[in-house]
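Colleague: One structure, as structure tokens, below. Some questions next.
The values are calculated or read from the model by the stated rules, or taken from the named source; none is laboratory data. Fair warning: this is a prediction, and the values are worked out from it, not measured in the lab. Quick reminder, even Gly has a Cβ in these numbers, built from the backbone with ideal geometry, and neighbours come from all protein chains shown. The accessibility values were calculated without ligands, DNA or RNA, using every heavy atom of the protein model including side chains. Shrake-Rupley method; radii C 1.70, N 1.55, O 1.52, S 1.80 Å.
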Amino acid sequence: MDAVECGPSYNTDWRDVRGFIHGGYQTLENQEGELTPQGPEFAISHEDFVKSVLPSVSETDTIIFLFTLDDEVTEVEKLVELVKEKTSNIHAICHATAGQYLLNSTKKVIPNPIIITWPILFLEYEGAFIQQTFQRELSSKWILDTVTSGAHVLKGKIYRNFIVDFKICNSKHFQRAASVLQRLSGHPQCRCIETLLQSIYGEQTLSEQIRNAETAQHIRAAASRDKVLPAAIVSLLRNCSVVEARARLESLESARAAIESSLNVPGRKRGAESSEMAGRSR
């Protein structure tokens, strides 16, 4: 779930964050059956990982193992040993029930695991199994959210708690993009939406047809464009065309770096710094 969300949330490539599960679609009990033939991005089993991903894993990659002590831990150990040949950036999250302990032999294979121990639920309780599964899955999701959010902070996708590079794939994202533009640039909403449309369509002068189009059309057009929001932010901060803004983005290592550079442009009257201070004073 977290891997799928990273695409639209941070405008990432599907290869950046991936998830694999023992048994693949059979374990998921997917109603549509096996989806792997639809393309490499649909490959989700451990066998797919070993065959297609592991050969290209390097020290710059991080692998997280997620399992419970009710699973076949020896199978996890075998997979960990294979990954160790490629990278030392290995972490593990292990769920246990009170009274269960990770064997010392397993601890030697899996370095510094995060062990979450849950209390024993009375079997007579009618939803005990569902509650335990929900607790494990929700807590795992929160941990993985933290990991991927931190990774995208390091990658320069976030500036001062604002996600500044995400896919505009629905009306909520379109309005969020306009809001981020206002907060960081200090310009009125109409100016921000105009610049956002310029970035979406790659045209400095917008036709009446584009101006009068429904938001749904803008969203469809944005789907095929990369770095729509970062280009619009830099364009507003530097008071330049979106073409110049995109060139600026290409010359720097991240969207955050381009924004920070644009905030220091001589003569720039208002932006994220002044907007933030004004908000605090109110």
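Results for (1) at positive phi; (2) surrounded by 21 or more Cβ atoms within 10 Å (Cβ to Cβ); (3) of a type in the set (A, V, I, L, M); (4) within 24 Å of the chain's Cα centre (by Cα), shown as yes or no for each residue.
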site	(1), (2), (3), (4)
Q204	no, no, no, no
Q209	no, no, no, no
A221	no, no, yes, yes
D226	no, no, no, yes
R238	no, no, no, no
E244	no, no, no, no
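Colleague: Here's a follow-up. May I ask you to list pairs of residues, at least six apart or on different chains, whose Cβ atoms are under 6 Å apart, with the first in the stretch 195-219 being under 13 Å from L229 (Cβ atoms) and touching a residue at least 24 places away in the same chain (Cβ under 8 Å) and the second being hydroxyl-bearing (S, T, Y) and open to solvent by less than 10 Å² (accessible area, probe 1.4 Å)?
Modeller: These pairs meet every condition: T195/S235.
Colleague: Looking at T62 and the list (1) within 23 Å of R18 (Cβ to Cβ); (2) modelled with pLDDT under 90, which single condition is not satisfied?
Modeller: Among (1) within 23 Å of R18 (Cβ to Cβ); (2) modelled with pLDDT under 90, the lone unmet condition for T62 is (2).
Colleague: I would also like to ask the following. Which one of A96, A43 is open to solvent by less than 50 Å² (accessible area, probe 1.4 Å) and more than 23 Å from the chain's Cα centre (by Cα)?
Modeller: Values: A43 fails: more than 23 Å from the chain's Cα centre (by Cα).
Answer to the selection: A96.
Colleague: Being farther than 30 Å from K84 by Cα and open to solvent by less than 50 Å² (accessible area, probe 1.4 Å) is true for just one of V109, V180. Which residue is that?
Modeller: On the way: V109 fails: farther than 30 Å from K84 by Cα.
When all the criteria are applied, what remains is V180.
Colleague: Among the numbered criteria (1) in a loop (DSSP other than H, G, I, E, B); (2) under 22 Å from F20 (Cβ atoms); (3) open to solvent by 90 Å² or more (accessible area, probe 1.4 Å), which one does W142 miss?
Modeller: (1)
Colleague: Under 6 Å between Cβ atoms, which residue pairs at least 6 apart in sequence (or on different chains) link something in the stretch 21-41 that is of a type in the set (G, A, S) with a partner that is surrounded by 12 or more Cβ atoms within 10 Å (Cβ to Cβ)?
Modeller: G24/I44; G24/S45
Colleague: Something else about it: Could you count how many residues in the stretch 48-106 are over 23 Å from L154 (Cα atoms) and part of a loop (DSSP other than H, G, I, E, B)?
Modeller: The qualifying residues number 11.
Colleague: With respect to L66, determine if the residue is farther than 15 Å from N112 by Cβ and surrounded by 12 or more Cβ atoms within 10 Å (Cβ to Cβ). Walk me through it before giving the result.
Modeller: On the way: farther than 15 Å from N112 by Cβ: no; surrounded by 12 or more Cβ atoms within 10 Å (Cβ to Cβ): yes.
No; evaluated as a whole, the condition is false for this residue.
Colleague: Considering only the stretch 71-93, state which residues are over 22 Å from S56 (Cβ atoms) and either among the basic types (K, R) or open to solvent by 70 Å² or more (accessible area, probe 1.4 Å) (or both).
Modeller: D71, E72, T74, E75
Colleague: Can I ask one more? Hey, among S149, S105, which residue is under 21 Å from V4 (Cα atoms), modelled with pLDDT under 95 and small (G, A, S)?
Modeller: That would be S149, the only listed residue that is under 21 Å from V4 (Cα atoms), modelled with pLDDT under 95 and small (G, A, S).
Colleague: Of the numbered conditions (1) under 28 Å from N264 (Cβ atoms); (2) assigned to a helix (DSSP H, G or I), R220 satisfies every one except a single condition; which is it?
Modeller: (1)
Colleague: Give the residue that is nearest to K157 (Cα to Cα), with candidates limited to residues of the stretch 11-40 that are of a type in the set (F, W, Y) and open to solvent by less than 70 Å² (accessible area, probe 1.4 Å).
Modeller: Among those that are of a type in the set (F, W, Y) and open to solvent by less than 70 Å² (accessible area, probe 1.4 Å), it is F20.
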